Amino acid sequence: MLTIDINDQQHQVDVEADTPLLWVLRDVLHMTGTKFGCGKGLCGACTVHLNGKPVRSCSLPISAITTAKITTIEGVENNLSNASTAIAVKQAWITENVPQCGYCQSGQIMSAIALIGNNKSPNDEEINIAMSGNLCRCGTYKRIKSAIKTASNDVGEK
Amino acid sequence: MDVIDKPIIENVSRRSFLKGLGLASGSFVLATTLPFGHIAMADTAKHNALNVFITIHANNHIDIICHRSEMGQGVRTSIPQIIADELEADWSLVNVVQGMANNAYGSQNTDGSSSIRKAFLQLRQIGASARYMLRQAAANFWQVSIDECLALNHQVSHQITGKSLSYGQLAELASMMAPPSLDTLRLKDKSEFNYIGKKLASIDLPDIINGTTTFGQDIQIPNMLIASISRCPVIGGKVKSFDASLTRKIKGVKQVVEIGLTPGAVNFHPLAGVAVLATNTFSAIKGREQLEISWDYGKNLAHQSAEYLAKRQSLVQQPGKICRDEGDIGNAFKQHVKQVNAVYTVPYLAHAPMEPPAATAMFHSDGRCELWACTQSPQRARDTVAKALGLDKDQVLVNVTLLGGAFGRKAKADYLVEAAILAKAAGQPVKVVWSREDDIQNDYYHAISAQYYQGALDDNNQVQAWLSRTSFPPIASTFKKKAQSQGKFELAGGFADIPFDVRNIRCEHIDAPAFVRIGWLRSVANIHHGFAQSSFVDELAVAAGLDAKDFWFKLLGDNKNVALNRGGFKNGNYGASAKDHPINTDRYKEVIELACQHAGWGKEVPEGEGLGLAVHRSFLSYVAVISHVKVLNNHLQVKKMYCVADAGQIVNLDRVEAQMEGAMIFGMSIALMNNISIKDGQVEQSNFHDYPMTRMAQAPEIEVTIIESDGLPGGVGEPGVPPVMASITNAVYAATGRRIRDLPLNKQFSV
């Protein structure tokens, strides 16, 4: 039995130590907002925050995170350290009507929140670097970029 | 076949609705108790239903069915948007309910860019019919003539007394009214539209940004096992023997089940393999890795895609079967010596939707099989599962989740059949989870192809002869073993349907056997034909010494409707009549003209940069794309893309713009990087590292313009893709003088 901290809640999970966080979230805790896209850390659909930093949960064994704080799409707005950024990013996603199919968007949003949390006004180059690990097959990049700029303006004004 | 058109809305009458109810009555008692996110599936025990699509509750809330599958195109918004408009409903009171597989809805097959273009009128009639019933209910209640009753913004008012009743108050009474006959139904004038044509936000947006959506991969059912399947890497192969002793030692693994080879055409049959069923996905994957399987690969082991493509390239330079023949091409080539010829190739392509396929199946105690899946075609999935399991169609219930991308892949029901077979074998619910590797290596691939084009110019640089040949394994091979001849719908996909003002035209096709599962990918044969056609027009323009835009105009000739059936070719025109959807050269020119204006066509660009133009009509819509590229030190960058689309009457402008934006990126992935190669019958790529997609850092600026049109709706999901590839290669030519005829471009440039 391992204890993990997800969205400021302690969960006891009975899984093998090498189980990736992604499958603990999805199969054990039934938190399916974090998506399975490639299983190899190549697409970013499974992005969550580990102590505030974006990580690919498909490639993160559960045994490596027992002392870490994990934040997922379901809890990111309630996380005190980045709540205002999360709210601004989600609002910008609504303003730009970003998603198409929506499958990659949890991961995109988690990467965007981490980016703005770290850099209040990222330029194009910084956005490209921070977001290029997140694939969108529907091709919503133009709107993601706009939304990140909108959100960073909002955060910057506060 | 699914890509061929089917009748759409079968009826809106209450009698048929009641009949429809019998199909699956009671099926929802169980489903509604399951913990399923936010997608409400069609409740078959509805109260106050005005027709199969509309239910009005006493509290004024309205449930509208979306019978088509949402895969990012916005259909769960645009279909209710049409119905709500004609219904005069308040959009804020509309709740969208996902339709299960049910013939009462008409065709639910979500492909061919068909949801709006084929059902626009019927969906309007469904809304207008319900509006009439609400007015009739009010008229009966007030004992006045229906002509005095006006339905506006969720209520009916009596124009003489000023009395009014809300839709909620009228709902029960309205549900007992007979629907009006369609010929007396008055639809709104365009000027009266409240929602059609407007940018309404996607209905699922709040759930998507909060991570509370339910995709096929997200289904959770009590007591469910998760299956990971090792499938034979060669099509037609099967399991010779396997050893699962190590697999069974993995914690969480419960069962190992062999799936046999279904003889005959590949169809939507599951591939032969071994499934590992476990209590969680990771155990299933780990267990599968421990399997030792000895395969009988079968004959397709001999397939090598490089040799196969080389053979296509050679064959298209020899005569083939004629499908369109006008004038005297032989004589024209003798007369006009100024000629251009070229061979173009496109490799196999995979769909690679962000959500790999997934399906969940369970058996009820009465023997019925219920499924939840990200499927584009629930009715066909139901019928396929029923046939595979020897059940009646009405013993199979199919619930449609959100689709995390699809692009044609999820029209094939093989993964639903896998889930049903395994749930039966396991005696408990099973979710089949495809990995990315499964998806890339076991897809229904877009056909590998070669095209040959030959043209002759006269002294005025008028094209006097146009010869084109195409060869690619046809989609028919998926349904009929050994089918080698391309279907009419494939030849009408940007090949034999050309509108050009050329006296001597011949189009030929060359048989091509299939060695992998061939499927339809976003815009289907228009992918390779669009690439070849717009590339070749550019080559002709260069040979003529003319500007590409001027040359396109010259080639299109006068503004006119071009006959659909020419030179013996019967153009299916995507199921539409020539009267509703003629091939119109004026519309081609309009999208070209606007794209050129926006891109500043003809302007000076810096050294190493260039603009490329391409235009294509597919699925009844016209799209021009101009790409602006930069090539520096052999690195290719697409800087900006200008897209102009004429898709007739638009329903949701924002979603149409989004589809075009997405099509630019989708086409760019094909142009620059997508390449499935096959060695010894087996796909060489496996995940996004070797089957790369366009990423943020590569994504160009995109400027989309949608032409405001009164024409009937054309397709939207697919038509943006076909012109993209040639717009990029033509731009590369403008920038570098290098003509690239074989995709993808990353064989020649770093991208």
Checklist entry - Can we say A:Ala86 is over 24 Å from B:Met668 (Cα atoms), surrounded by 22 or more Cβ atoms within 10 Å (Cβ to Cβ) and without any contact (Cβ under 8 Å) to a residue 40 or more places away in the chain? => result yes
Next on the checklist: Step by step: first the residues of the stretch B:156-204, then only those that are of a type in the set (Gly, Ala, Ser) and within 14 Å of chain A (Cβ to nearest Cβ), then the one that is nearest to the chain's Cα centre (by Cα). Which residue is that?
Outcome noted: B:Ser202
Checklist outcome for this item: Of the residues in the stretch A:1-30, those that are within 30 Å of B:Ala697 (Cβ to Cβ) and touching a residue at least 40 places away in the same chain (Cβ under 8 Å) come to A:Pro20, A:Leu21, A:Leu25
Checklist entry - All but one of (1) modelled with pLDDT under 95; (2) hydrophobic (A, V, I, L, M, F, W, C); (3) touching a helix residue (DSSP H, G or I) at 6+ places or on another chain (Cβ under 6 Å) hold for A:Val13; which doesn't? => result (1)
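Would you be able to say whether some residue in the stretch A:112-132 is out of contact with any Leu (no Cβ under 8 Å at 6 or more places or on another chain), buried (at least 18 other Cβ atoms within 10 Å of the Cβ), within 10 Å of chain B (Cβ to nearest Cβ) and not charged (D, E, K, R)?
Of the residues in the stretch A:112-132, the ones out of contact with any Leu (no Cβ under 8 Å at 6 or more places or on another chain) are A:112-121, A:123-125, A:128-129, A:132.
Among the residues that remain, those that are also buried (at least 18 other Cβ atoms within 10 Å of the Cβ) are: A:112-117.
Then drop every residue that is not within 10 Å of chain B (Cβ to nearest Cβ), which leaves none.
Scanning the stretch A:112-132, I find no residue that is out of contact with any Leu (no Cβ under 8 Å at 6 or more places or on another chain), buried (at least 18 other Cβ atoms within 10 Å of the Cβ), within 10 Å of chain B (Cβ to nearest Cβ) and not charged (D, E, K, R), so the answer is no.
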Item to check | Hits in the stretch B:550-600 - residues which are part of a strand (DSSP E or B) and either not assigned by TED's automatic domain parsing to the domain that holds B:His616 or not β-branched (Val, Ile, Thr) (or both) | outcome: B:Asn561, B:Arg566, B:Phe569, B:Asn584
Next on the checklist: Within the stretch B:255-271, does at least one residue satisfy the condition of being closer than 30 Å to A:Thr32 by Cβ and either within 14 Å of chain A (Cβ to nearest Cβ) or at pLDDT below 95 (or both)?
Outcome noted: no
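Can you name every residue in the stretch A:36-48 that is more than 7 Å from chain B (Cβ to nearest Cβ) and either within 20 Å of B:Ala352 (Cα to Cα) or modelled with pLDDT under 95 (or both)?
Just the residues of the stretch A:36-48 that are more than 7 Å from chain B (Cβ to nearest Cβ), to begin with: A:41, A:44, A:46-48.
A:Gly41, A:Gly44, A:Cys46, A:Thr47 - these are the residues of the stretch A:36-48 that are more than 7 Å from chain B (Cβ to nearest Cβ) and either within 20 Å of B:Ala352 (Cα to Cα) or modelled with pLDDT under 95 (or both).
Residue-wise test of (1) of a type outside the set (Val, Ile, Thr); (2) free of Cβ contacts under 8 Å to residues at least 24 places away in the same chain; (3) under 30 Å from A:Met1 (Cβ atoms); (4) within 10 Å of chain B (Cβ to nearest Cβ).
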| residue | (1), (2), (3), (4) |
| --- | --- |
| A:Leu60 | yes, no, yes, no |
| A:Ser63 | yes, no, yes, no |
| A:Thr67 | no, yes, yes, no |
| A:Thr71 | no, no, yes, no |
| A:Gly75 | yes, no, yes, yes |
| A:Ile94 | no, yes, no, yes |
| A:Gly102 | yes, yes, no, yes |
| A:Gly107 | yes, no, yes, yes |
Checklist entry - Which of the strands (runs of 3 or more DSSP E) contained wholly in the stretch A:39-158 include at least 1 residues that are charged (D, E, K, R) and either in contact with a helix residue (DSSP H, G or I) (Cβ under 8 Å, 6 or more places away or on another chain) or more than 30 Å from B:Lys199 (Cβ to Cβ) (or both)? => result A:53-56, A:69-71
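Within the bounds of the stretch B:293-303, is there any residue that is out of contact with any helix residue (DSSP H, G or I) (no Cβ under 7 Å at 6 or more places or on another chain) and farther than 27 Å from B:Ile518 by Cβ? Walk me through it before giving the result.
Here is the first cut: in the stretch B:293-303, the ones out of contact with any helix residue (DSSP H, G or I) (no Cβ under 7 Å at 6 or more places or on another chain) are B:293-303.
Within this subset, residues satisfying the condition of being farther than 27 Å from B:Ile518 by Cβ are B:294.
Yes, the stretch B:293-303 contains a residue that is out of contact with any helix residue (DSSP H, G or I) (no Cβ under 7 Å at 6 or more places or on another chain) and farther than 27 Å from B:Ile518 by Cβ.
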Checklist entry - Yes or no: B:Gly608 more than 11 Å from chain A (Cβ to nearest Cβ), touching a strand residue (DSSP E or B) at 6+ places or on another chain (Cβ under 6 Å) and closer than 18 Å to B:Val346 by Cβ? => result no
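The values are calculated or read from the model by the stated rules, or taken from the named source; none is laboratory data. Everything numeric here is computed off the predicted structure, so don't read it as measured data. Here Cβ is always computed from backbone atoms with ideal geometry, including for glycine, and neighbour counts include all displayed protein chains.
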